[in-house]
1. Net charge near A:Leu246: determine it from the other residues with C-beta under 13 Å of the C-beta of A:Leu246, scoring Lys and Arg +1 and Asp and Glu -1.
2. Please give the Cα centre distance for the stretch A:88-142 versus the stretch B:424-440, rounded to the nearest Å.
3. Tell me, what is the FRET efficiency for A:Asn201 and B:His420 to the nearest 0.05, using R0 = 56 angstrom and their Cβ-Cβ distance as r?
4. Need one number: nm distance between label points at A:Arg218 and B:Arg144, each 7 Å from Cα along Cα→Cβ, rounded to one decimal.
5. To the nearest whole number, what is the average tally of beta carbon atoms from other chains within 10 Å of the beta carbons of peptide A:105-116?
6. In the stretch B:380-458, which trypsin sites (Lys or Arg not before Pro) are in a loop and have at most 13 other Cβ atoms within 10 Å, using DSSP for the loop call?
7. In peptide B:421-428, how many Cβ atoms from other protein chains are near each Cβ within 10 Å, on average?
8. Say a paramagnetic label sat at a point 7 Å from the Cα of A:Asp254, along Cα to Cβ; which residues of the stretch A:34-68 have their backbone N under 18 Å from it?
Amino acid sequence: MSDTAIPPTVTPLLEVAGLHARIKGREVLKGLNLRVARGEVHAIMGPNGSGKSTLSQVLAGRPEYEVTAGTVRYEDTDLLGLAPEDRARRGFFLGFQYPVEIPGVNNVYLLKAALNAKRKAGGLQELDAFDFLNLVRDKMRVMKMDESFLSRAVNEGFSGGEKKRNEILQMLVLEPTLAVLDETDSGLDIDALKVVSDGVNTLRSAGRSIVLVTHYQRLLEHIVPDYVHVLAGGRIIKTGDRSLALELERRGYDWVLEEAAA
Amino acid sequence: MSSSTQDLESLVGQKYRHGFVTDIEADTVAPGLNEDVIAFISRKKGEPQFMLDWRLKAFRHWQTMREPHWAHVAYPPIDYQAISYYSAPKQNANAPKSLDEVDPKLLETYDKLGIPLHERARLAGVAVDAVFDSVSVATTFKDRLAKAGVIFCSFSEAVQTHPELIERYLGTVVPITDNYFAALNSAVFTDGSFVYVPRGVRCPMELSTYFRINAANTGQFERTLIVAAEGAHVSYLEGCTAPKRDENQLHAAVVELVALDDAYIKYSTVQNWYPGDENGLGGIYNFVTKRGECRGARSHISWTQVETGSAITWKYPSCVLLGDHSVGEFYSVAVTNHRQQADTGTKMIHVGRNTKSSIVAKGISAGHAQSSYRGMVSVLPGAEGARNFTQCDSLLMGGNCGAHTFPYVEVRNPRATVEHEATTSRIGEDQLFYLRARGIGAEDAVNMIVSGFCKAVFKELPMEFAVEAQNLLAVSLEGAVG
C-alpha cells in the first residue's frame, strides 16, 4: 500500500477535546479527551453504559446525538462540522455494532456506490465494473466470503458473524484513514474472530489508525493495540498499554473506578 | 430524534416536472352533462348507432347510481355539471394522415415529456399511441405492427375500422353497470387505445399509450380495450401526465383486457398525473376501473403499476380467472407524498380450476399522505386447487403519513390455498444513517432504500420502462437535503 511510506506526523490524526454529548436529553459523554496519531491502534474498553457506543456514533455523525461542548479535529478539519457522508468520504469509517439490513439493495451495489462516492470526493475517477469487481473479489478472499454474497441484499438474513464480516469487507474496500470498530468482536465464534482480526490487520499501516471499541480483551490477542483506554462515566479515566487489558480481564473495572475517584 | 425526522421530511419534497401547459387552440364543449352532450361526442367521433345507443344506456344507468364513498379517501363533492366532457386540439378536426400533419406544438409537447413521436427519434422497439385530452394525436409503428397482424390504434379509429371487434368485446369485462365511474366513462369516453393481437401472434414490440391532460376544466375519460386471441402475447404500457392547475380534474378511465386460451397480456402503468401542490391544492382525481378476464384455459394476465401522481387514486386492476389453469398477477408500487391519497389494490376472482394468482403491493407514504392497500381474493366453489399468494408492504417516511391495509379474503372451496403477508415499516433512520456513514449522500440513500423496497415490482416492468420508473420515483421523493 502506497501510504505506508507516509511517516507518522506530529499532529494527531484525531484529537477529541472536552467532548460532551447527549442523546434524548441524557448526557452520556462528559468531557472526553482522546488523541490518536497516525499508524496507532487504540482500544477503548469500559463497563456497560459508559459511553463507548455514543463516542462511536458521535464521531460518525449520527443526527440523534447532540454535541453540547468540546471539539473533534480530524486531519485538518472540524469533524463535527461535516455531514456523516462527508466524514466517510474523507476517510472516516465506523464499523457498526449492529449493522443495518437494507432489503432489495445488493451488497455489490452498496459497495460500489460507497467506493465511488469516496473516489469522486477525492477527485479520482469512478472505478468501472471490471476493476471494481476485481478489487472486491480480492478483499472477499481475505474475509473468506463466498461470491454469492455479492448479490445478496445488504445484511438481510445474515447471521451475526456474517454481518460483522461484511462490515470489515466494506472497510477493506473503502480503505479508510481512521476506522472506529464498535464491538466488532461481539457475537463472533473463534474462527470468525480470527478472520475478522486478520482482515483488520491487513489494513494496519503507518498512515492509518484504528480505534477498537470492545468489551473483551480476547480481540486484543489478535489485533495488538498500542494503547488501551478505560472509558467510564463519559470520560477516559485510565490509559495504559496491552497489559492494562489483561489486568482488566483479571480484576474487572472496580479498581480503576476507585482509583479514578480517589 | 425530531431533528432527523425533519431531515427525512425535507428529503421528500416533490417537484413535478410535467406541469407545463401547451398553448394550443382547442375545440371544447361547454361544461355540463346531458344526452345532447353524449350525442355530440358520438357525432364528433362519427360513431355507428350501436355506440350511441350503448353510451345512452350507460348514461341512463349512471343517473340512477350514487358516487361510491367506501374508499379511504376524502374530497369535496364533485360537480359533474361543471366539467367539460370534450376537448380536442383544433387542427385535429380533420384527423392528420401522417405525423407531418400533426401540429408541431403537439409534437413539441410530447418531446418535452420525453415521448418523441418523430420518425427519427422514436423509442426503439416501442410503438406509441399519444392521446391529448379527448383525442389520439398520433400512433407510431402502425405499419410494422400491421405486418404482424397486430391492430394498435386509437379507440376512435377502431370504432371506424373494426366495429365488429368493438361491438363484440366492449363492455364484456367491465359492464356499463359495473360501478359509478365506469358507467360515467361508458357514457362519455372520448378516446383511448385499442389492441388486437390475433391467434398465435407474439406482438413484435412493446405497445404504449401516453395520456396527456392539457385543457382546463375538462375531464379525461379514456377507454382501453386489449384482446389477445388464442396463444397471442402482448406487453402494453401506459403513461400519464397533466399540467399544474389549482383546480382538481377528474380522470375516470376504463381498461378492459381479454385473454383467450394460452394468451398472455402484460399491462404496465406508470401513472404520474399532477399530484397537487404540497398543501393539497389542485391535482387529478384518478378514479379508474381496470379489469382483465382470463377467459381461456392457461391464459395469463399480469398488471404492474407504478403510481406516483394524482391527488387521489382509486384504482383496483383486477383479474377474473375463468379459464382453468389461468394466472393473474398484480405488482404495484404506490407512492404518496404531501396531501396525496391513494386507495389502491386488486381483486383476484378465482372461477376456474387450478387458477393461480399473486399480489405484490408496495406502498410508500411521505408528508401528510394516506396510502391504503385494498385487495380482494375470492375463490368460488368450482375453483378446485386455486392458489393465491399476497404480500403487501408499507413504508412510511416521517411521522405525519399513514398506511392502511384492507384485505378481503373469501374462500368457498376447501381445497384452495390462500396466503397473505403484510408488513409496515418506517423508513429507517437507521438505514439512512448506515448508508450515509458509507459516504452515500442523504438523497441517494433515500432513493437506494426506496428502490430496494420496490425491487420486486420494478423487475416486472418492461426493461425500457424500469429505468424511467426508477427515475420517476427519485423525482417524486426529491427535495433539498438539509
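Just so you know, all these numbers are worked out from the coordinates, no wet-lab data involved. It should be emphasised that the depicted structure is a prediction, and the values quoted were computed from it without experimental measurement. Note that we place each Cβ from the backbone using ideal geometry, even for glycine, and neighbour counts take in every protein chain shown.
1. Combined, the nearby Lys, Arg, Asp and Glu give 0.
2. Here the two parts' Cα centres lie 16 Å apart.
3. Once rounded, the FRET efficiency stands at 0.70.
4. Using points 7 Å along Cα→Cβ, the separation is 6.5 nm.
5. Across A:105-116, the average partner-chain Cβ count within 10 Å equals 3.
6. Passing both the DSSP loop test and the Cβ count: B:Arg412, B:Arg415.
7. Per residue, the average neighbour count from other chains is 1.
8. A:46-48
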